[in-house]
Amino acid sequence: MQFDLEYKSVDENKWKELRRNIKEENEYYWNTNRIPDGYYQAKVIACDILDNPMECALKDEEVSDTFLVDNTRPAILNLKTSIDPNSLDLHGRPGHTLIISGVAKDEMCNITDIQYSINSGDWQTAFPKDNIFDSKEESFLLKIPYISSEEHSVVINAVDAEDNIGSSRIVFNP
């Protein structure tokens, strides 16, 4: 068998060549970083001309379902910090809580995770304000027990459904 691979964006009419005359491979890795984000289809064309005379050779093709190519990272927008002076520390004594708010946004698919790290520490999970990851734009509000009066760097990651990770950093200096 011999195979040809083609693709096209859903808003295009003409198929584009991806690879021709594949003979002994049963897998193909497609680096989609070379095409713009969007919705696409792929087509496999199979032919048995290698084992049959041209007039007897059979040819068939199969078109994939539509799939998303999303190589763009989510954005972290509108980061703001404040201190909640009415909060309690971890032992129930009067203390302070650092509040960080912002928005994680992706143009193509839903946000699936938000994490933060303080001063390059372990990643901590954060949830959207509505407690469910179900849209392309998720507002979040982090309440972090106040650690010390020194400068702190907080990195925030947002992950989209295609596992792209966008990051931003905010420096807090009380």
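The values are calculated or read from the model by the stated rules, or taken from the named source; none is laboratory data. From a predicted model like this one, the values you see are computed outputs, not experimental measurements. All Cβ positions, glycine included, derive from the backbone under ideal geometry; neighbour counts span all protein chains shown.
Exactly one residue among D113, D122, D134, D130 is surrounded by fewer than 17 Cβ atoms within 10 Å (Cβ to Cβ) and either within 16 Å of the chain's Cα centre (by Cα) or not assigned by TED's automatic domain parsing to the domain that holds V155 (or both), and that residue is D134. Can you name the residue in segment 137-161 that is farther than 11 Å from D113 by Cα and either acidic (D, E) or not assigned by TED's automatic domain parsing to the domain that holds Y116 (or both) and, of all such residues, is surrounded by the most Cβ atoms within 10 Å (Cβ to Cβ)? Here the answer is E137. Restricted to segment 31-60, and to residues there that are among the small types (G, A, S) and closer than 30 Å to E107 by Cβ, the residue that is surrounded by the most Cβ atoms within 10 Å (Cβ to Cβ) is A42.
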